[in-house]
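K.L.:
Right, I'll just put the structure down here and ask away after.
FYI, it's all coordinate maths here, none of it is from the lab. The structure displayed is predicted, hence computed values, not measured ones. Glycine also receives a Cβ, built like all others from the backbone with ideal geometry; neighbour counts cover every protein chain displayed.
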Ligand SMILES: Nc1ncnc2c1ncn2[C@@H]1O[C@H](COP(=O)(O)OP(=O)(O)O)[C@@H](O)[C@H]1O
Ligand SMILES: CC(C)(COP(=O)(O)O)[C@@H](O)C(=O)NCCC(=O)O
Ligand SMILES: [K+]
């Protein structure tokens, strides 16, 4: 049994696998990190803990402390030049966020053709994975919530608004939400143009902010919940087979 951990800048997602089966899955706020110890303790067959962390050393230390009681140290996966059939073409492969890298490994296992791997979390990342397995590059933009926060924090008249998405907004709250969501969807659709002509090209959409993007996307896509955890499962099973 393996505990998988995806520590992002907003939340810590976790999953437990036994062989091919998913035993449990959930998400915690950073302040709830201690609950990881209870989750681990509730799975007595646990042998390994494998994760990604892009939330900084303090979060890594808090996760390790939460898991000290079960006596298993988390193994952190980092981006590398090549793994599980994916080649990392970043100028400096180690600079790529571990969550982006592992999501690409998960995407490769799910879809053999050209693919746009989108993770809509605190930041939104939109990454191009070729049919050859080459990660050709990708973009980072603030996620929708972060965009809304930036407007609220840097203008006199704009609140952190709970508006609705509409085509032609006629109030401030709807204008903000619709603007930020169009920026997300527009970035994804523009990146998709680079692979749209390729056979079987598809967008895989993951992350906590994925649901609100679905209705906007005018491209072939599949929602894949917790793609980073799915990629971690691929990595952990490959390690186990080695
Ligand atoms: N319960 C929740 N708590 C926090 N954010 C949530 C929640 N449900 C959905 N979200 C959305 O998910 C985003 C965070 O997604 P997530 O994939 O967990 O990000 P990260 O990997 O950066 O931690 C938030 O910006 C928000 O839009
Ligand atoms: C882009 C990210 C901030 C996304 O983090 P998240 O929104 O998942 O919390 C993270 O993958 C990161 O810190 N990347 C390092 C820089 C890079 O990928 O180029
Ligand atoms: K993200």
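K.L.:
Given 10 °C and 1.306 mPa s, compute D for the range 123-192 with the Stokes-Einstein relation, Rh being the Kirkwood radius over Cα pairs; round to the nearest whole µm²/s. Working shown, then result.
P.N.:
Working: Rh = 13.3 Å.
Reported coefficient: 119 µm²/s.
K.L.:
Hey, can you rank 159-166, 100-107 by average C-beta count inside 10 Å, highest first? Kindly include the intermediate steps, with their values, before the conclusion.
P.N.:
Details: 159-166: 14.1, 100-107: 27.6.
Final packing ranking: 100-107, 159-166.
K.L.:
Sequence gap at least 6, Cα distance under 8 Å: using those rules, report the relative contact order of the chain to the nearest whole percent.
P.N.:
Numbers: 458 pairs, mean separation 43.2, N = 242.
Once normalised by length, the contact order is 18 percent.
K.L.:
Please quote Rg/Rh for the range 2-76 to two decimal places, taking the Kirkwood radius as Rh and restricting both calculations to Cα atoms.
P.N.:
Numbers: Rg = 11.1 Å, Rh = 12.1 Å.
Rg/Rh for the range 2-76 comes to 0.92.
K.L.:
Under a GNM of the chain (C-alpha, springs under 10 Å), which listed residue has the highest mean-square fluctuation: 37, 167, 137?
P.N.:
Sorting by GNM fluctuation, first place goes to 167.
K.L.:
How tilted is helix 57-66 with respect to the longest principal axis of the chain? Cα atoms for both, answer in degrees (0 to 90, nearest 10).
P.N.:
Its long axis makes an angle of about 50 degrees.
K.L.:
Okay, next question. When the Debye formula is applied to the Cα atoms of the range 45-95, each taken as the same point scatterer, what base-10 log of I(q)/I(0) results at q = 0.22, 0.25, 0.30, 0.32 Å⁻¹?
P.N.:
Scattering profile of the range 45-95, log10 relative to I(0): -0.86, -0.95, -1.13, -1.21.
K.L.:
A further question follows. I want to verify a result. In a Gaussian network model of the chain, Cα cutoff 10 Å, which of these has the top mean-square fluctuation: 158, 96, 229?
P.N.:
Ranking 158, 96, 229 by mean-square fluctuation puts 158 first.
K.L.:
So for the range 83-242, Kirkwood radius off the Cα pairs, Stokes-Einstein at 4 °C and 1.567 mPa s: how many µm² s⁻¹? Each step should come with its number before you reach the end.
P.N.:
Values: Rh = 16.5 Å.
Rounded, D is 79 µm²/s.
K.L.:
Explain nothing, just the number: relative contact order of the range 78-142, from Cα pairs under 8 Å at least 6 residues apart, as a whole percent.
P.N.:
Values: 112 pairs, mean separation 19.3, N = 65.
Relative contact order comes out at 30 percent.
K.L.:
If you don't mind, there's one more thing I want to ask. Please state the relative contact order of the range 111-230 as a whole percent: Cα pairs under 8 Å, 6+ residues apart? Don't skip to the answer; put the middle values down first.
P.N.:
Working: 205 pairs, mean separation 32.8, N = 120.
For the range 111-230, the relative contact order is 27 percent.
K.L.:
Then there's this: At a 10 Å Cβ-Cβ cut-off, how would you order 189, 238, 20, fewest neighbours first?
P.N.:
Working: 189 18, 238 14, 20 7.
Going from least to most buried by this count: 20, 238, 189.
K.L.:
Calculate the radius of gyration of the Cα atoms of the range 163-242 to one decimal place, then report Dmax, the largest Cα-Cα distance, as a whole number, both in Å.
P.N.:
Here Rg and the maximum Cα pair distance are 16.6, 59 Å.
K.L.:
With n ≥ 4 as the cut-off for DSSP H runs, can you work out [θ] at 222 nm for the chain, using -39500 (n - 2.57) per run divided by the number of residues, rounded to the nearest 500?
P.N.:
On the way: 7 runs with 81 residues, N = 242.
Rounded to the nearest 500, the figure is -10500 deg cm²/dmol.
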